[in-house]
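What follows is a single structure, written as C-alpha cells, with notes after it.
The values are calculated or read from the model by the stated rules, or taken from the named source; none is laboratory data. Treat the numbers as computed from the prediction; the structure is a model and nothing was measured. Here the Cβ positions follow ideal geometry from the backbone for every residue, glycine too, while neighbour counts run over all protein chains shown. These accessible areas exclude ligands, DNA and RNA; they are computed on the full protein's heavy atoms, side chains included. Shrake-Rupley method; radii C 1.70, N 1.55, O 1.52, S 1.80 Å.
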Amino acid sequence: MENQILSIFAVLLLTFFSLHFLKKIFQQKKLNSPPGPKPWPVIGNLNLIGSLPHQSLHHLSQKYGPIMELKFGSFPVVVGSSVEMAKIFLKTMDVTFASRPKTSAGKYTTYNYSDITWSPYGPYWRQARKMCLMELFSVRRLESYEYIRAEEMNSLLKELFKSSGKPVLLKDYLSTVSLNVISRMVLGRRYMDGGDKNAVVSPEEFKKMLDELFLLNGVLNIGDLIPYINFLDLQGYVKRMKVVSKKFDRFLEHVLDEHEARRRTTAGYVSRDMVDVLLELAEDPTLEVKLERHGVKAFTQDLLAGGTESSAVTVEWAISEVLKKPDIFKKAREELDRVIGQNKWVTEKDIPSLPFVEAIVKETMRLHPVAPMLVPRLARQDCKVAGYDIKKGTQVLVNTWTIQRDPSIWENPTEFCPDRFLGKDIDVKGQDFELLPFGSGRRMCPGYSLGLKVIQSSLANLLHGFKWALPDQMKPEQLNMEEIFGLSTPRKFPLVVVAEPRLPPHLYNSVV
C-alpha cells in the first residue's frame, strides 16, 4: 500500500513538472519579442559587437528598427534607438526600467553596488538620489562653491599662458582643472596637489586610476554575459577591477580618516565639503537605510569620477571640432568680444548671454555624448513596449548616439553645426529626448548641473582667452577624430594644440 502511494505521488509529481515545463515552452512561443538578429549558441549576438558597441548597435538598428532585441551571451538586451523609445524607457515607463544590471564592475569597483550609479532600484538608491538633490547638488550648495570654480579656472588660464606657443596635451590641463574643482568641493582641498607631502597618490596616478575606472565600468565583460565562465576572467578585466578598487580604497580611507579626525578635534565644527555632508548623513538616525562607511566611500568615488571625466572629455571634443571649423571659432570670438569685452574673463553668470557658446556645447554633446548608450537599465518586471513583450531581467540600452544623429530630426546630422540650436528651445536637462547627454528620468545623472557649469565656463574662457592652432602646421582636415569606448567616450588620440593669448597680458595674472 505504501509503495502504491509513493508511486502515485511520484507520477503526480512528474506530471506536475512536465506540465509546468510544457506551459513555459508554450508561453515562450507566444511571446512577441522585438525584432533582432538570430543569436548563436552560448555567445548570442556578441559576434556582431565591435570595439565601439554604440556604433555596432547603430548599424543593427538601421536594419531591425528603433526597438530591437539581441542576446549578449546568456542575457536578453533590448536597445531603443529613437526619440519615441527613449521617452518610453526613460519617462513613460521609467519606474519599470529604473534598476541596474549586476555587473562585475558594480561589484568590484563600487563596494558591491553601494554607489549612486550601480545600486539597484530600491530604498537605498532612493535615499541616495534624495541626498544628491537635497544636499550635495542643491542650488544653494553649488552657488556656495562658485568661488572654487572661478579660482581653478584662473589657474588653468595661467598655466596655459605659461605654455604659450608650445604644443600641449589639452586634456591634461582640462582634467587637472576638473579634478581640482571636484576635489575642493567634495574633499575640501586639493588632495592630488603635487606639493602635498602626505598625499597617498600622485596627481598623475590618480588620473590614470580615473581613466581605468571609466574604461572598466563601460567594457563588455564576457564573464558577466556568460556566467559559467566568469571564474576564468578571460579578458583580465576582473583582475584590473580589483587592482583599481584597492587603489581607490586606500585613497578614500585616507580621506575619511582625515575628515573624521577634523570633526573630532574641532569644537563647533561646521561641514565645509561634500564628504563632511556624507559623514553627517551617516550619523543621522532617521535615515531609512543606514549609510555605512563603504557607502560614504562609494558616493565619494562617484562624485570624484563623474565630475572629472565628463567635463574634460566634452571640452576636449569641443575644441577639436572648433579647430576643424575656423568660421565657428570666429563667430564665437565675435560674440565673446561683443558681450564680455577684451578686458575681463567670462563668469558663470555671463553664460546665458552667450547663446552661440552654449550652442557649441550642445552641438558637442550631440555629436560626442560622453555616455553614448547611457548607463544600462534593467526591466524590473514583465511588460509590453510598443506591442512587444519584454521579460523581467532584460537589460535595456538607450542609444543616444543614434538618436542624436537621426536624419529625421537633425539636418546634416554628422556635421558639426552649432547654429542648429540658435533660436531653438532644446535643452540638455532630460526633457528634450532628441538630446540626452545626461540621460533622463529617475536615473538621470544627478550632478548634471555642476557638469554643465564647468563645461560651459571652461569652453567660454578657452575660446575667449586664446587663439588655437594644431602643431607642426597640421591642417584641420588631418585631425584624427576617432573615439574609444568605456563608460565615457573620449578621443582615441588625445588632442595636441598650441595656444596663443589674445587678451591683454595683465589679465592672465588676475583673478577671474
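Observations on the structure shown:
- Taking the C-alpha atoms only, the angle from helix 170-187 to the longest principal axis of the chain is near 70 degrees.
- What the phi angles of the stretch 408-418 give under the Karplus curve with 6.51, -1.76 and 1.60, with θ = phi - 60°, is a coupling list of 6, 10, 10, 6, 6, x, 8, 7, 7, 9, x Hz, glycine and proline written as x.
- Set of lysines near Lys349 by C-alpha distance (under 20 Å), chain-local residues within fewer than 8 positions excluded: Lys362, Lys429, Lys453
- Residues of the stretch 27-64 with amide N under 12 Å of a point placed 7 Å along Cα→Cβ from Lys492: 51-52
- Leu220-Arg126 pseudo-label distance in nm [points 7 Å out on the Cα-to-Cβ vector]: 3.5 nm
- Accessible area, probe 1.4 Å, largest first, for residues Phe231, Phe137, Phe89: Phe231, Phe137, Phe89
- Computed on the chain, with alpha-carbon pairs under 8 angstrom and 6+ residues apart, the relative contact order is 24 percent.
- At an R0 of 35 angstrom, the distance between the Cβ atoms of Asn412 and Phe75 translates into a FRET efficiency of 0.40.
- Taking amide H positions as modeled 1.01 Å from N, with prolines and chain starts lacking one, the residues under 5 Å from Asp382 and 5 or more places away or on another chain are Lys392.
- The phi torsions of the stretch 260-270, fed into the Karplus equation with coefficients 6.51, -1.76 and 1.60 and a -60° offset, translate into couplings of 5, 5, 5, 5, 6, 9, 9, 5, x, 4, 10 Hz, rounded to whole numbers, with Gly and Pro shown as x.
- Of the GluC sites (Glu not before Pro) found in the stretch 250-312, those that fall in a DSSP loop while having at most 16 other beta-carbon atoms within 10 Å are Glu283, Glu288, Glu292.
- Sequence ranges 98-111, 489-502, ranked by mean other-Cβ count within 10 angstrom, highest first: 98-111, 489-502
- Helix axis angle, 2-30 relative to the chain longest principal axis, alpha carbon, degrees: 40 degrees
- Heavy-atom surface analysis with a 1.4 Å probe gives the stretch 316-460 a carbon and sulfur content of 48 percent of its accessible area.
- For the stretch 217-245 and the stretch 85-120, distance of Cα centres in Å: 18 Å
- His506 paired with Glu204, simple spin-label distance in nm, labels 7 Å along Cα-to-beta-carbon: 3.8 nm
- Taking amide H positions as modeled 1.01 Å from N, with prolines and chain starts lacking one, the residues under 5 Å from Asp389 and 5 or more places away or on another chain are Asn32, Ser33.
- Distance between the C-alpha centres of the stretch 33-58 and the stretch 404-460: 28 Å, rounded to the whole angstrom.
- In sequence order, calculated HN-Hα J values of the stretch 247-253 (Karplus, 6.51, -1.76, 1.60; Hz; x Gly/Pro): 5, 5, 5, 4, 5, 5, 4
- For the stretch 286-344 and the stretch 465-512, distance of Cα centres in Å: 15 Å
- Annotation: aspartates and glutamates with alpha-carbon distance below 14 angstrom to Lys247 (same-chain offsets under eight excluded): Glu204, Glu205, Asp211, Glu212.
- Note on Lys429 and Gln342: the extension gain reaches 28.2 nm, defined as 0.36 nm multiplied by sequence separation minus the Cα-Cα distance.
- Using alpha-carbon coordinates, inclination of helix 293-324 to the longest axis of the chain, degrees: 60 degrees
- Those lysines that a straight Cα-Cα span of less than 19 Å connects to Lys384, excepting residues fewer than 8 apart in one chain: Lys24, Lys29, Lys30, Lys71, Lys87, Lys91, Lys392
- Here the Debye sum runs over all C-alpha atoms of the stretch 321-463 as equal scatterers in vacuum, and log10 of I(q)/I(0) at q = 0.10, 0.18, 0.19 Å⁻¹ comes out as -0.41, -1.08, -1.17.
- Annotation for the stretch 282-366: trypsin sites (Lys or Arg not before Pro) lying in DSSP loop with at most 15 further Cβ atoms inside 10 Å of their Cβ are Lys290, Lys344.
- Stretched out straight at 0.36 nm per residue, the stretch from Lys30 to Lys330 would grow longer than its current Cα-Cα span by 102.0 nm.
- Long pairs among Lys130/Lys424; Lys130/Lys239; Lys297/Lys391; Lys171/Lys297; Lys107/Lys290, criterion Cα-Cα beyond 28 Å: Lys130/Lys424; Lys130/Lys239; Lys297/Lys391
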